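Please read the structure below before turning to the comments.
The values are calculated or read from the model by the stated rules, or taken from the named source; none is laboratory data. Everything numeric in this text was worked out from a predicted model, so none of it was measured. Note: ideal-geometry Cβ built from the backbone for every residue, glycine included; neighbour counts use all protein chains shown.
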Amino acid sequence: MSSRLRAALTPYALIFPGGLWLAIFFVVPTVVMLSLSLQSGDVVSGYAFTFNWHSYVDGITTYHDQIVRSVIYGLAATLIQIVVGFPVAYWIAFRGGRRKSVYLFLLLLPFLVSFVLRTISWQFFLSDNGLLLGPLKSLGLLPQDFHILATSVAVVCGLAYNYLPFMVLPMYVALERIDPRLLEAAQDLYAGRTQTFLRVVLPLSLPGVFAGVLMTFVPATSDYVNASVLGGTSNTMIGNVIQNQFLVNQDYPVASALSFTLMALLLAGIYAYARVLGTEDVLEVAAR
Amino acid sequence: MNDLSRDPAFLRGMTRRRIGRRDALRLAGMSAAGLALAACGVQGKGVAKPTTSAQAQSAVEKYWTGKVRNGHVDFANWPYYMDPKHPELKQFTAETGITVNYREVIHEMPSWFAKIQPQLAAGQSIGYDIMVVTNGIQFGQLVKLGYLVPLDHAKLPNFTANAGARYKAEDFDPGNVYSIPWTSGMTGIAYNPKYVDTPPTSVLDLWNPKYKGKVGMMADSQEIANFGMFALGIDPGNSGQADWEKAAAKLTEQRDAGIVRKYYDQSYVDPLSRGDIWLTMAWSGDVFQKNVSDGTDLKFVIPQEGATIWTDNMMIPKSAENPVDAITLMDFFYRTDVAAHLTEYINYVTPVPGAQSVIQADVAEATGDRKKLLDAVAGSSLVFPSEDDYAKLHTYVGFTDTARQKQFENLFQAITTS
């Protein structure tokens, strides 16, 4: 083979394994789902492609409450994660010293246990007369009918807990990369601790926060485990509805239509978010 | 050797946009997607049910002619439906030489159906020769889709001799064309006596504001619909759209008053024993097995308005590889001694009434705790319901067409997935 031809083919050869993977496991299922969302029929007589837009209309009108609720839960969980996760990432990055990797391992340790089991163990912990609430109730600090399970609080906290490492790790990476000389320079220029944090550390950590938000908001919004394990009668998320439509009702068109609606909503949200607070802009802000 | 990393043509190729090629790719992708969209239809295969007995008989002959015993059978069942040591299966293998691969792979009807449906539609084996299916919506779909083997009753002598009359005349499969029962059970009310002083007697206790936030209901639309109708005095067997709407309103009122804690699948037992819920819709055998295994003291009652009786049925999928071995094993469970032994362990309603006297004989021989346990089983109205008990039990709503079924499900799922 001539070297010119080889040079021309190499980029395609490099992209081939990844491209094939995407084609088989992403493009094909997505096309099938898109097709399903436009079909009509039932499981006994079969589904046929009829450009049936009604699945979208039906799905959205019936389940808009659950869609809005999922987005709100996802946002709330993401905010909690930033508030809880940032100090953790900051502490490990700047105060972790030689044991940084130990702390990171400890952070990930609970996540070696299966997702569902972790969530179910919360059920035991938060139970009405369980480890947390039982003693408080017997001391008279809480009314007898107080409960955390089966409320929005339980679901949001469960979401925040389950996706926390995906928030902490990118923030940690961003903070860890900050050159200590920048902090020294800030002090040389008479910036106090607060000023150094606000003007140097925080702007430089924003790309990590940005990545963390992307990695947690999307799965948290489409999650269905937390709502089904920790939620009650009015905490159903859109993920639960989709699962129910697929597996219980075998209404594949509505389930696919809801999945695509959710996907479009999340993509639009992420696009807007990236435009407002894109990584490159953040770096520009930081460089100013 | 040509060093690619320094080849300007290669670097340009890797870094610069190539509008023309991208457009070409995009076009090709879009037209392929268009073709694919239209090609992705999901095949359904509704078939007509045989209407006359002669047709049914010829279907039986057509299927069973030339089928031979292979010496092995794969059995898919639900958890808690057999002693984990499988004594009945060991006995079967010793007597017939047929080995049995028993798997507890069925945990929920809809997801089991979703799992096997594509394989059955393609005419492929699902890997099991016997499966146990509840008489719900999916049972009807399996029949309608023609996925089940018509049973040859000449190969079911024990069933013919020992099955209770009630279990030979079930509404969902008259004449046992496709299925014979494994066991039945009831959906009633379970409660935790630690928190509930006055035992519930009525379905309306689930609507009692006294238990606000402490009541568990089931998420399954057929189960919850039945309880809504019991509360209004409607017989689900003869109900229609208007009745369903009334029941849905009654259930919505219960939810909106904050009485319902949560809509559960099978996961209501632990919250009930922990005290997160005080009373709940429940299946009869679950509470019994929880009490035996964990020493809890949960109670189960059949409310005065009625309860639901369901039947889990053995059947052979059309693509089964060992149908003769399968039907031999199915018939084996209708021997009174085998049925008695199974019932002593699982505590669900046996379709073999003759098992009661065998269990009573075992009680006479047993001693200590074992005697107490067996005595409770032999006398339990949850295992051997009397005619009066049966009179209070109702079956699920049956569906003749899928449009009505969809209406029904949408109506009740709007309540459970709010």
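Does at least one position in region B:50-69 carry a residue that is in contact with a strand residue (DSSP E or B) (Cβ under 9 Å, 6 or more places away or on another chain) and either part of a strand (DSSP E or B) or surrounded by fewer than 15 Cβ atoms within 10 Å (Cβ to Cβ) (or both)?
Within region B:50-69 (the criterion being in contact with a strand residue (DSSP E or B) (Cβ under 9 Å, 6 or more places away or on another chain) and either part of a strand (DSSP E or B) or surrounded by fewer than 15 Cβ atoms within 10 Å (Cβ to Cβ) (or both)), the answer is no, since none of the residues qualifies.
With the condition kept exactly as written, say whether any residue in region A:155-170 is modelled with pLDDT of 90 or more, farther than 29 Å from residue A:127 by Cα and not in a loop (DSSP other than H, G, I, E, B).
yes
For region B:249-266, give me the residue count where each residue is in a loop (DSSP other than H, G, I, E, B) and either closer than 16 Å to residue B:413 by Cα or within 8 Å of chain A (Cβ to nearest Cβ) (or both).
Of the residues in that region, 1 qualify.
Looking at region B:200-237, which of its residues are in a loop (DSSP other than H, G, I, E, B) and in contact (Cβ under 8 Å) with a residue 24 or more places away in the chain?
B:200, B:201, B:202, B:208, B:212, B:213, B:214, B:219, B:220, B:233, B:235
Within region A:138-157, which residues are among the small types (Gly, Ala, Ser) and within 14 Å of another protein chain (Cβ to nearest Cβ)?
A:138, A:150, A:152, A:154
Could you go through region A:227-246 and let me know if any residue there is aliphatic (A, V, I, L, M) and free of Cβ contacts under 8 Å to residues at least 24 places away in the same chain.
yes
Looking at (1) part of a helix (DSSP H, G or I); (2) at pLDDT below 90, which one does residue A:140 not meet, given that it meets all the others?
(1)
Among the residues of region A:183-224, how many are of a type outside the set (Ser, Thr, Tyr), over 24 Å from the mean Cα position of the chain (by Cα) and either assigned to a helix (DSSP H, G or I) or buried (at least 17 other Cβ atoms within 10 Å of the Cβ) (or both)?
13
Quick one: count up the residues across region B:379-403 that are exposed (fewer than 15 other Cβ atoms within 10 Å of the Cβ) and part of a helix (DSSP H, G or I).
Adding up the residues that qualify gives 6.
For region B:352-371, check the following and say yes or no: at least one residue is under 27 Å from residue B:71 (Cα atoms), in the same structural domain as residue B:102 (by TED's automatic domain parsing) and either modelled with pLDDT of 90 or more or buried (at least 16 other Cβ atoms within 10 Å of the Cβ) (or both).
Yes, region B:352-371 contains at least one residue that is under 27 Å from residue B:71 (Cα atoms), in the same structural domain as residue B:102 (by TED's automatic domain parsing) and either modelled with pLDDT of 90 or more or buried (at least 16 other Cβ atoms within 10 Å of the Cβ) (or both).
Go through the residues of region B:267-280 one by one and say whether even a single one is β-branched (Val, Ile, Thr), closer than 17 Å to residue B:416 by Cβ and buried (at least 24 other Cβ atoms within 10 Å of the Cβ).
Scanning region B:267-280 turns up at least one residue that is β-branched (Val, Ile, Thr), closer than 17 Å to residue B:416 by Cβ and buried (at least 24 other Cβ atoms within 10 Å of the Cβ).
I need the full set of residues from region A:108-137 which are among the polar types (S, T, N, Q) and away from chain B (no Cβ under 13 Å), in order please.
A:114
Every residue in region A:232-250 that is more than 7 Å from chain B (Cβ to nearest Cβ) and crowded, with 24+ Cβ neighbours inside 10 Å, please.
Scanning region A:232-250 gives A:237, A:238, A:245.
Scanning region B:352-369 for residues that are more than 16 Å from residue B:342 (Cβ to Cβ) and among the charged types (D, E, K, R), which turns out nearest to the chain's Cα centre (by Cα)?
B:369
Sort out which residues of region B:149-166 are outside any loop (DSSP other than H, G, I, E, B) and surrounded by fewer than 22 Cβ atoms within 10 Å (Cβ to Cβ), and write them in order of number.
Answer for region B:149-166, where residues must be outside any loop (DSSP other than H, G, I, E, B) and surrounded by fewer than 22 Cβ atoms within 10 Å (Cβ to Cβ): B:153, B:154, B:155, B:157, B:158, B:160, B:161, B:162, B:165, B:166.
Of all residues in region A:42-64, how many are more than 7 Å from chain B (Cβ to nearest Cβ) and over 14 Å from residue A:265 (Cβ atoms)?
Total meeting the criteria: 10.
Quick check: is even one residue across region A:260-269 of a type outside the set (Lys, Arg), over 29 Å from residue A:153 (Cβ atoms) and at pLDDT below 90?
Checked region A:260-269: no residue is of a type outside the set (Lys, Arg), over 29 Å from residue A:153 (Cβ atoms) and at pLDDT below 90.
β-branched (Val, Ile, Thr) and at pLDDT below 95: does that describe residue B:143?
Considered against the rule, which asks whether it is β-branched (Val, Ile, Thr) and at pLDDT below 95, residue B:143 comes out as yes.
Give the residue, chosen from A:84, A:57, that is at pLDDT 95 or above and surrounded by fewer than 18 Cβ atoms within 10 Å (Cβ to Cβ).
The match here is A:84.
Condition check: under 22 Å from residue B:183 (Cβ atoms) and polar (S, T, N, Q). Does residue B:360 satisfy that?
When the stated conditions are applied, residue B:360 passes them.
Quick test for you: out of A:76, A:150, A:93, pick the one residue that is in contact (Cβ under 8 Å) with a residue 60 or more places away in the chain and either among the aromatic types (Phe, Trp, Tyr) or part of a loop (DSSP other than H, G, I, E, B) (or both).
A:150
For region B:167-182, enumerate the residues that are within 16 Å of residue B:138 (Cα to Cα) and part of a helix (DSSP H, G or I).
Correct list: empty.
Return the total of residues in region B:287-301 being assigned to a loop (DSSP other than H, G, I, E, B) and either modelled with pLDDT under 90 or not aliphatic (A, V, I, L, M) (or both).
So the answer is 3.
Determine, yes or no, whether residue A:111 is part of a helix (DSSP H, G or I) and either out of contact with any helix residue (DSSP H, G or I) (no Cβ under 7 Å at 6 or more places or on another chain) or β-branched (Val, Ile, Thr) (or both).
No, not satisfied.
State yes or no: is residue B:166 in contact (Cβ under 8 Å) with a residue 60 or more places away in the chain and in the same structural domain as residue B:351 (by TED's automatic domain parsing)?
yes
For region B:313-350, which positions are more than 29 Å from residue B:124 (Cα to Cα), modelled with pLDDT under 95 and not in a helix (DSSP H, G or I)?
B:347, B:348, B:349, B:350
Take residue B:415 and tell me if it is of a type in the set (A, V, I, L, M), buried (at least 18 other Cβ atoms within 10 Å of the Cβ), within 12 Å of another protein chain (Cβ to nearest Cβ) and part of a helix (DSSP H, G or I).
It is true that residue B:415 is of a type in the set (A, V, I, L, M), buried (at least 18 other Cβ atoms within 10 Å of the Cβ), within 12 Å of another protein chain (Cβ to nearest Cβ) and part of a helix (DSSP H, G or I).
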